[in-house]
Amino acid sequence: MTKVITYGTYDLLHYGHIRLLERAKELGDYLIIGVTADDFDKSRGKINVQQPLEERISAIRATGLADEIIVEEYEGQKIDDIRRLGIDIFTVGSDWIGCFDYLQEYCKVVYLPRTEGISSSEIRAGQSSLRLGMIGYSSFLKKFFRESKFVNSVKIVGICVPKDGILKELKPEMELYTTDCQTLLEYVDAVYIHSSPSQHFEQCKLAIESGKHIICESPIAMSIKECEFLVELAKNKNVILMEALRTAYITGYSRLVLLLKAGKIGRIISVDAVCTSLSIFGDVETNMKWGSLETWGPTAMLPVFQILGTDYLEKRIFTLKDEISGNLDMFTKIDFTYSSATASIRVGNGVKSEGQLIVSGTKGYVFVPAPWWKTDYFEIRYENPLDNKRYFYQVDGEGIRYELVAFSNAVRNKTSDYYIGNNVTLEICNVMNDFGCKKDNKF
Ligand code: CTP
């Protein structure tokens, strides 16, 4: 019996795939099809795949061409599979010519002519992409624009700046450059907001009322009332309102939260998150600066509320003002007390500390080294170091591209709280509000 194996992503299965599989089948008596796992695709930079693994496997199964389907999860797996499964022929399309010659040591390698004129990428590109506008003045928008080019379901077409001349480098790249939000809103399907946190509420409200989907830097409002209002309004208007908290969309971080929920370190006793930066965040072009809690608070609160929930009993806020401006908080520490756990966040803008995340439990603890908010690595540590486990994940583009993929998927599937629950969004606004009102503050 001649055993043949072939691999692919098979996103949005098309006739190019089917023709390849039919010819692969004819090469032998038994065809094994390897379908790439979502994580494996992400780690090799294929972030635009639309269908999850289960759907792609079902589509392959429905062709009736596979005698066996396996999942490809790691680099180098092909050699393992060929040996383990006793493969005689490895085959892929001619777009891979030369890439798999190294497998000739283990079996015959056949490159089949690729079908011209069709690919998953072209199908995805042909689908209408989300026309996105940007609102704000931060130079971060330049980075956001560059990163958006990796996401083919989104196209940034316009920008609204507070004053002509701001972010003028982006002007030639935009179909629309304006100082009027309403003009931008009429031109796009959705907006990304990265302005001063105190402007978020008005800008989100305007966008929702215009029926536009929103991805807004966190906090989306500076009070829980405003936040509740926006969440409700978005629901009624049937638009997506998503928080641009990049950490939440990074695979390493979301896997960490799942492992904790699955009890890997026992009952969780404390969560301690530190986020600081020496370069004062804000924007040089407009000379607007943000305090430490505005800059880092939502990111630092994310693991606290996602791991321990939002029903804490009390919080205590300690904050230090920046000596020069006298009104911005330079360093803030918040302690949260839960009925059987505790948490603390420490944030600084113009102060530097070790940006680590530590989650302590009754069986062990999790250590995420700095900068934990770009989680590409973490360790679960136990009393006996031999039991320790290390986890590695690929992070590209600081998480911006993952966030944009999640946003376009949310718009397509009409669900936005898959990554960040509404309770977390609301509680972040609540803490910002209490901080602003000096409730629970100890100066
Ligand atoms: N293939 C083919 N003809 C095409 C497209 C793909 O023969 N027009 C083959 C590839 O060479 C590979 C298999 O189908 O052996 C699975 O390819 P995959 O990468 O999943 O499909 P693409 O359409 O190339 O996907 P993408 O555009 O995302 O790269």
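The modelled label-to-label distance between residue 44 and residue 417, using points 7 Å beyond Cα along the C-beta direction, is 3.8 nm. Give the residues of segment 376-399 whose amide nitrogen is closer than 16 Å to a point set 7 Å from the Cα of residue 95 in the direction of its Cβ. It comes to no residues whatsoever. Compared with the rule-of-thumb size 2.2 N^0.38 Å for a compact globular protein, segment 1-143 has a Cα radius of gyration ratio of 1.21.
By DSSP, what percent of the beta bridges with both residues in segment 305-443 are antiparallel, rounded to the nearest 5? Here the antiparallel bridges make up roughly 95 percent for segment 305-443. A 28 angstrom limit on the alpha carbon distance is what I want to check against. Which of 25/46; 155/333; 171/212; 78/264; 261/333; 237/439 exceed it? Flagged as over cut-off: 155/333; 78/264; 237/439.
Helix-derived [θ] at 222 nm for the chain: sum -39500 (n - 2.57) over DSSP H runs of at least 4, divide by residue count, nearest 500?
Result for the chain: -10000 deg cm²/dmol, rounded to the nearest 500.
Placing unit charges on each Cβ (+1 for Lys and Arg, -1 for Asp and Glu) gives the chain a dipole about its Cα centre, and among 110, 405, 364 the Cα reaching farthest toward its positive end belongs to 364. Working from label points 7 Å from Cα in the Cα-to-Cβ sense, the residue 202 to residue 318 distance is 3.7 nm. By DSSP, what percent of the beta bridges with both residues in the chain are antiparallel, rounded to the nearest 5? The antiparallel fraction comes to roughly 40 percent. For segment 19-120, chymotrypsin sites (Phe, Trp or Tyr not before Pro) are listed when DSSP marks them as loop and at most 12 other Cβ atoms sit within 10 Å of their Cβ; the list is 74. Compared with the dominant principal axis of the Cα atoms in the chain, helix 400-413 is inclined by about 80°. Taking all Cα-Cα distances within segment 105-195, those exceeding 24 Å account for 36%.
If the chain linking residue 235 and residue 383 were pulled fully straight, counting 0.36 nm for each residue of separation and taking away their Cα-Cα distance, it would gain 48.6 nm.
Helix 292-308 and the longest principal axis of the Cα set of the chain meet at an angle near 60°. From the Kirkwood radius over Cα pairs of segment 208-335, Stokes-Einstein at 25 °C and 0.890 mPa s returns a whole-number translational diffusion coefficient of 144 µm²/s. When Rg is the radius of gyration of the Cα atoms in segment 320-399 and Rh is its Kirkwood radius, what does Rg/Rh come to? Rounded to two decimals, Rg/Rh equals 1.08.
Taking only the alpha carbons of segment 141-287, we obtain Rg and Dmax values of 17.8, 55 Å in that order. Helix 197-209: angle to the longest alpha-carbon principal axis of the chain, degrees 0 to 90, nearest 10? For 197-209 against the chain, the angle is about 60 degrees.
From the Kirkwood radius over Cα pairs of the chain, Stokes-Einstein at 10 °C and 1.306 mPa s returns a whole-number translational diffusion coefficient of 66 µm²/s. Taking label positions 7 Å along the Cα-Cβ direction at both residue 79 and residue 2, the computed distance is 2.6 nm, reported to one decimal.
Read the figures in this text as sums done on the coordinates, not as results from a lab. If you're wondering where the values come from, they're calculated on a predicted model, not measured in any experiment. Positions of Cβ are backbone-derived with ideal geometry, glycine not excepted, and every protein chain shown enters the neighbour counts.
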